[in-house]
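A short write-up of the structure that comes next.
Values in this text are rule-based calculations from the coordinates and carry no lab data. The structure presented is a predicted model; accordingly, all values stated were derived computationally and were not measured. Quick reminder, even Gly has a Cβ in these numbers, built from the backbone with ideal geometry, and neighbours come from all protein chains shown.
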Amino acid sequence: MNNQAIRRLPVNRSVAPFSTTSSEGAALIPSPKSPDLGDTKRRILDTAEELFMEHGFEATSLRLITTAAGVNLAAANYHFGSKEELFQAVFTRRLDPMNHDRMALLAAYEAAAGKALTCEKIISAMFIPALKLARDHEQGGKNFLRLLGRAYADPAPFIREFLASQYAEMIGRFRAAFGNALPHLPREEVSWRLHFVMGALSYTLAGTDGLKLIAQYHPENTDNDELLLKRLAPFLAAGLRAPVANTEESDHWLTDHESTLAQSAKTS
């Protein structure tokens, strides 16, 4: 068996890496579980996360990532295969645990309440795990949440499809909870409002505007997660509870608004 084949052997993670010498004393190639290869993979992921956050998916090449990470292109291909697969790996290592924590917290709230939760409580279950990640500097949480906010606005079809699949279980779980909290709303309306809630949450967590506002009025509370939640939750809850819009009235409003803008353009 040649060396290349040995390098690509699958690793059984339940056992320790094999010895670096054979029974005859000949040197063996380290297994893929060796500290060096593990460190290389983490370095690529951390660097990719930061560069995707700064430049977006399209403007970030694999070569840019590997150069910044101090590894060769072959290492990125070995661990991830393509830029798309690397992008997915960056997301799954943070997004999967966060969404798991969201659903677990929601389940705990429901078990404790024994009845339909309030909108504010459901929002807390969505928000708190994300805030926990944002404050985890060792895990690069702030960079990831900013990347998540950027990804929501990315037009690349594969990114939209990937995020939709990653969020599917969590969104379904929270849609059901909001449906129980707002039984008077049609299912389609609940879905739309949950979509807007996710957008507002992503913007708040991904940006720094909220922290700047807190610092402006409460400089002693710049890292106060509870204060940020108390500001956002009532706003989102009010939108969730708002009466269902009359589509005919909305159409008239849009027509009047467009006419006003056209008239302003003529007189300016």
Along Cα→Cβ, 7 Å out, is where each label goes; now give me the distance between the ones at Met198 and Ala112 in nm to one decimal.
2.6
Order by protection proxy (mean Cβ within 10 Å, highest first), peptides 150-158, 94-102, 192-200:
94-102, 192-200, 150-158
Please find the FRET efficiency linking Asp46 to Ala242, where r is the Cβ-Cβ separation and R0 is fixed at 41 Å, and quote it to the nearest 0.05.
0.50
